[in-house]
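The values are calculated or read from the model by the stated rules, or taken from the named source; none is laboratory data. Note that the structure is predicted; figures quoted are calculated from it, not measured. Note: ideal-geometry Cβ built from the backbone for every residue, glycine included; neighbour counts use all protein chains shown.
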Amino acid sequence: MSRSFAIADTCFLIDWARYRGRDLLFKLYIVYVPESVLREVKSESTIAWIASKLASGDLALFTETESEVEEARSIMERSRRMPNTPAVDLPEAICIVAGRRRGYVVLTENRGALKFVELAEDYSGVIIHRSLEILLQLQLKRYLEPDCGDPALRFREYEEDTKHLFPRKDLLNAVATIRRELCGET
Amino acid sequence: MPLFDVSYAEKLKKWEELEREARELRRRFADWGFIESLPPRLREALKYYIETGDIRRAARLAGLELEDFRELLRRANVPVVV
């Protein structure tokens, strides 16, 4: 099955680098890493993972153009005018620009980026996937075997490995989808 | 004429509720004994993160690289809620 192109920000990558099923990500996507993101990654284990995946072609380097950086700076300014919105910084903003211009799926855990795309009408077509959506997709496509005795298990494993928590309502919806689509519950 | 259309206002309200939930989870799970034992700069940066969820500014307050601050969040049992 052909994979989609995606583009990931820093926090997403450093969390996925700690997840036991981290390479499953590449069942769904070829993932671009902006140079501004790569500059923020420092630890040996994360760099080693990224280097090995760049070598295998599962990750690819995304070199921002001047025009993309200019648009990203405009996103940063606009996000600061939105009420109570966590700042969108350059690496996330570059990902949003690539999402709009090139149709890449944006992989982020940044609340500012999520909120910006939902509120800014001219970016409403940008698709953002958090880890929650990715773990759900991996199970729906059977790359990650669901546990029908404990349908929340795969999500909990990610939470344990990364010390990330999914919003409870979103998690309940994802678990309900697993029960309905994969475990034959109505 | 209203400043925002209804759907925009509803979206803002939804995000307000999400942020409230995230802040409560960060406060509840945080290892406050560990946080209070840290040097002032790290302690205040963690408190800033717990209140705002803004990891980059918190990392800068702490004087740490982003990845090192993410590790500090794990040690302090402060979850990233998204």
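Table for the structure above
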{"quantity": "Helices (runs of 4 or more DSSP H) lying entirely in chain B (those with 1 or more residues that are buried (at least 18 other Cβ atoms within 10 Å of the Cβ), free of Cβ contacts under 8 Å to residues at least 40 places away in the same chain and more than 10 Å from chain A (Cβ to nearest Cβ))", "calculated": "B:40-52, B:55-62, B:66-75"}
{"quantity": "Residue within region A:103-119 that is of a type outside the set (Val, Ile, Thr), out of contact with any strand residue (DSSP E or B) (no Cβ under 9 Å at 6 or more places or on another chain) and away from every other protein chain (no Cβ under 12 Å) present", "calculated": "no"}
{"quantity": "Condition check for A:LEU165: without any contact (Cβ under 8 Å) to a residue 40 or more places away in the chain, under 26 Å from B:ALA30 (Cα atoms), within 14 Å of chain B (Cβ to nearest Cβ) and in contact with a Pro (Cβ under 6 Å, 6 or more places away or on another chain)", "calculated": "yes"}
{"quantity": "Residues of region B:13-59 that turn out to be more than 18 Å from the chain's Cα centre (by Cα) and modelled with pLDDT under 95, as a count", "calculated": "1"}
